Each structure stands twice: as C-alpha cells, then as structure tokens.
Amino acid sequence: MTSRIQAVSGELIIPRVACRYHEEPTLVFGCGREHVSPQAGISLYGPRFVESETRHPASVRIGIIGSGQSIASAERWIDECSAGVSGDGVNLDFPGYSDDRGFYTRPIMDAGWRETVTKNEIAAIAGIKSRRHRFEASVELVSDKMRLLSEKESEPQVIVLALPDELLKHCRTVDYRDTDLGFVHRDFRRAIKAEAMRYRIPTQILLQHTSEATPTSRNVDHKSRCAWNFFTGMHYKAGGTPWGPKLKSNGTLYIGVTFFPPLGSEAGTMQTSVAQAFDDSGEGIVLRGKDFRWNQSEMGNSPHLDENQARHLITQALKRYHDETKQTPRRVVIHKSSRYWPGELLGFQRAVSEVPLCQHE
C-alpha cells in the first residue's frame, strides 16, 4: 500500500492507515481433525473424509501420455514419491501417496493406460513451417491420445501429461491474427485442458525436466514440494478432498468474482466475468458470465460490471446453488479483488435482495 503526504496551508497531513490481522484459518482433515497447515494436517490425519468408504478414493487409475522415455520417467517418479519424499528443512516431508500412508490412496498404473507420442509424430510437427499450425497440430495430437484413453473399457480416472520437452518447444504459446476472431493468444496448457473436457477425464501435468531432475538440477523445485503439488492436485481430480474449510455458519454461499480476456479479443478491449461459488462444505462451481467490452486505455486496468451484468452473474450463482442444495442460502459473501463501482454494487445487492444476510469484501 502506498500513500502520499500532502502539505495544506503549510502543514503536513499524515494519512492514517488502518490494518486488521486475520488469524490463519483452520482446515479440517481426516476424521474431523483440525490444523492450520494443509501439509501438516494431511501428514498427521490424512485427507478429509479418509474415514469414509463413499467419499474417499481408495485408489486412482492413472493414464499417461508421453514419449517412451518421458512415460518411463514419469512412472518411476510417481512410484518413488508414492513411498514418501524427505524435505530439506524448508520444504516439509511429503508423507506419500499409498494405501498405508499420506493420502491413503493407491496409484494404479498399467501398460494399457499409456499412449505414446512417437518420434515420427514429433518430427512431423517440427516440419510444419507456421508456428500457429504447429501449435494446432500439437493440440490435435495430444487430444487424439486422450480420446483413445477415454475409449478404454476401463478408462483412467486421471491422465498424466508427461509430454516430452522436444514436443513442448514447438507449442507452449502462440499469437496470431484470425480473420473471424481477430488477435488470438493461445496457451498450450489451457488448450489441452479445454480438450480434456470433451472426454470428461481430468489431466495432471508432469514435465519431463521435473520427473528427470536430480538434486543438482537448476530451475526445479525441491522434490518434496513437487510431490505435494502433483499429488494434491491429482487427489482432488480423482474425486478426493485433501482438506475442507472449517466454517462457522451453515447455509452460506461464498462467491468470488474475477475476469479474464476471451479468446480472440484485442488486448485490453474485451473481458469475461467469472463467478467461483463455494458452499459451506467447500464444494465449488465455476460460472462464466457474458463477454463485455472493456477498454483498458480509456477505463483503467481493472474491469467492472454494469448493474445488469452484475445482477445476472450473481443470480446465476444463486440459481445453481438452489439447484444443487434445493434451498436458498441464508447468507451470501461476495469477494472481489478490485473496488466496487456503484452500478456493480447495486446489481449485486439486487441479485441477493431475498437473502437474509449479504456482505461484500
């Protein structure tokens, strides 16, 4: 936070800054045990609902896409980390991902859940002159491998993208101008996740330089930290719950409002609103609002909604909450990282007019 000291009539006016300290929130882990640290909580008590046969996955079927070498490296890395990884004094020990430790879930890998990216396929992509077309060919290649895994009689629950570095160098990002869409910026990670939605199997990325790292490798996090990130994400995507919030009130809906530029928009001219809503059990949904025009050069860097847009976005979140829980929330908390504009705030207020209690932050 910055502030200016102004001089008025020869006197200095020193601004006052108010600060408020929030205690670290308590999280809930296995058997209802509580801790403030996600890592310590899982190490001590296991993940949330570990005691439940219906809400905790006893195993997770893992499919892998990569070259012969990157698949072998990924499987070896997953096996090693599943047994546990020692920390280094800064990074905590990773307790493991097995049926008798850590997350108390067993990873299952099988040759039938592998799809190999061949050298000939990579060479064919490398031979494409246009960077845009190399990007699109790479997305199509990986998408087809995901399709094949999704069509297995017993398909994997999570697909690990252990893509080789020699493929990724052709397709990390691309910028181009499309006749219909205008300026387009595409990111390979996001494009693949969008493709995965077609097959209804979540993906987890494991880069080759991570799976093949040694203790002296540069630009790679400590192995225990990588394991925490990888397995926590995979556990959630496999239907588990690593931890849950400890909330004081029932019937509360938490809504976070964010923005992102839609595909094909000129830089700084269009935005899309997103409402990320969570009920008091920690279950979440993501709702996309309508695209709207926002010119950063004229209106500032932080996008804002008008009254109708704000009302529509929150109304949709309330409707989805009612569809899921069959009740209207007693309390709504709306979080937004930028300042509320008058029309924006009015739209939010009108959307929650029938809710007994609403607060915005």
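The values are calculated or read from the model by the stated rules, or taken from the named source; none is laboratory data. These numbers come from a predicted model, not from an experiment. Cβ placement follows ideal geometry from the backbone for every residue including glycine, while neighbour counts extend to all protein chains displayed. Ligands, DNA and RNA are excluded from the accessible area calculation, which covers all protein heavy atoms including side chains. Shrake-Rupley method; radii C 1.70, N 1.55, O 1.52, S 1.80 Å.
Candidates 92, 44: the one that is under 23 Å from the mean Cα position of the chain (by Cα) and open to solvent by 50 Å² or more (accessible area, probe 1.4 Å) is 92. Of the residues 266, 307, the single one that is at pLDDT 80 or above and either open to solvent by less than 80 Å² (accessible area, probe 1.4 Å) or within 22 Å of residue 183 (Cα to Cα) (or both) is 307. Taking the criterion of being touching a residue at least 60 places away in the same chain (Cβ under 8 Å), part of a loop (DSSP other than H, G, I, E, B) and open to solvent by less than 50 Å² (accessible area, probe 1.4 Å), the residues of the stretch 201-221 that qualify are 201, 206. Could you please give the count of residues in the stretch 179-192 that are open to solvent by less than 80 Å² (accessible area, probe 1.4 Å) and in a helix (DSSP H, G or I)? So the count comes out to 3. When you check residue 142 against the structure, is it touching a residue at least 60 places away in the same chain (Cβ under 8 Å), under 29 Å from residue 60 (Cα atoms) and surrounded by 14 or more Cβ atoms within 10 Å (Cβ to Cβ), yes or no? Yes, satisfied.
Just one residue in the set 198, 147 is open to solvent by 40 Å² or more (accessible area, probe 1.4 Å), part of a helix (DSSP H, G or I) and in contact with a Phe, Trp or Tyr (Cβ under 8 Å, 6 or more places away or on another chain); that residue is 147.
Within the stretch 284-306, being assigned to a loop (DSSP other than H, G, I, E, B) and among the acidic types (Asp, Glu) holds for one residue alone: 306. Quick check: anything in the stretch 115-125 farther than 27 Å from residue 54 by Cβ, open to solvent by 30 Å² or more (accessible area, probe 1.4 Å), in contact (Cβ under 8 Å) with a residue 40 or more places away in the chain and outside any strand (DSSP E or B)? For the stretch 115-125, residues farther than 27 Å from residue 54 by Cβ, open to solvent by 30 Å² or more (accessible area, probe 1.4 Å), in contact (Cβ under 8 Å) with a residue 40 or more places away in the chain and outside any strand (DSSP E or B): present.
Only a single item in (1) surrounded by 16 or more Cβ atoms within 10 Å (Cβ to Cβ); (2) not in a strand (DSSP E or B) is not met by residue 272, and it is number (2).
Here residue 71 clears all of (1) open to solvent by less than 50 Å² (accessible area, probe 1.4 Å); (2) touching a helix residue (DSSP H, G or I) at 6+ places or on another chain (Cβ under 7 Å); (3) outside any loop (DSSP other than H, G, I, E, B) except the condition numbered (2). Of all residues in the stretch 1-28, those that are within 29 Å of residue 56 (Cα to Cα) and either at pLDDT 95 or above or part of a strand (DSSP E or B) (or both) total 2.
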